[in-house]
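Nothing in this text is a laboratory measurement; each read-out follows from the coordinates by a stated rule. Because the structure is a prediction, the values reported are computed rather than measured. Because the Cβ atoms are built from the backbone with ideal geometry, glycine has one as well, and the counts that use them run over all protein chains shown.
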Amino acid sequence: MTPSKIASALAPACIALVACSSQPVASSAAAAAPARDCFSARDVNGFSSVSDTVVDVKVGSNRYYRMTTDGSCPNGNFQPRITLRTLTGGSWICQGLDAEIVVPDAAGAERCQVRAIQPITKADWMADSHPRKK
C-alpha cells in the first residue's frame, strides 16, 4: 500500500478521533461539586438574633440562612435593625467573607464580619420565638 493510500484510509479514523477528543469531558470533581446557594442582600426581609455570634436571615418568602460572625459582636442582639453589607462589589452573598453585618449604634456603626453561612429550614427559623419573625 502506498503512503497516500494509507493516509486516505486513516483520514476517517483521524477525523472521528478529533471529533471525540473535542467533546467536553466532565471531571468527577466537577460533577460532585455542589451548586452554590447564593442570595441577594436586597432580598433579605427579616432577621433574628440567635446569639451574639449568630443571626438568622429570611430571604424572600421561603428561604432562610444562618450567619455566623467572626467573633462576638458587643451589640449581639442586633436590634432594632441591622444592615447586611456585601464585601464583593456586587449584591450577591454565597459564602462567609462575602458580607458583614452592620449594627447601628449611638457611638457609630458596629461591623461584624460574617464567617459562615448555611441554609436552614423554616422550622429552624421558627424554633426560637422572636417578635420579628413572620
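Quick check on the stretch 39-127: take the gyration tensor over C-alpha atoms, sort the square-rooted eigenvalues as a ≥ b ≥ c, and tell me if it's rounded (a/c under 1.5), prolate or oblate. Cα axes put the stretch 39-127 in the oblate bin. Using amide H atoms built in the peptide plane, which far-off residues or other-chain residues are under 5 Å from G96 H to H? Correct list: I117. With both labels modelled 7 Å from their Cα along Cα-to-Cβ, the N62 to T83 distance reads 3.3 nm.
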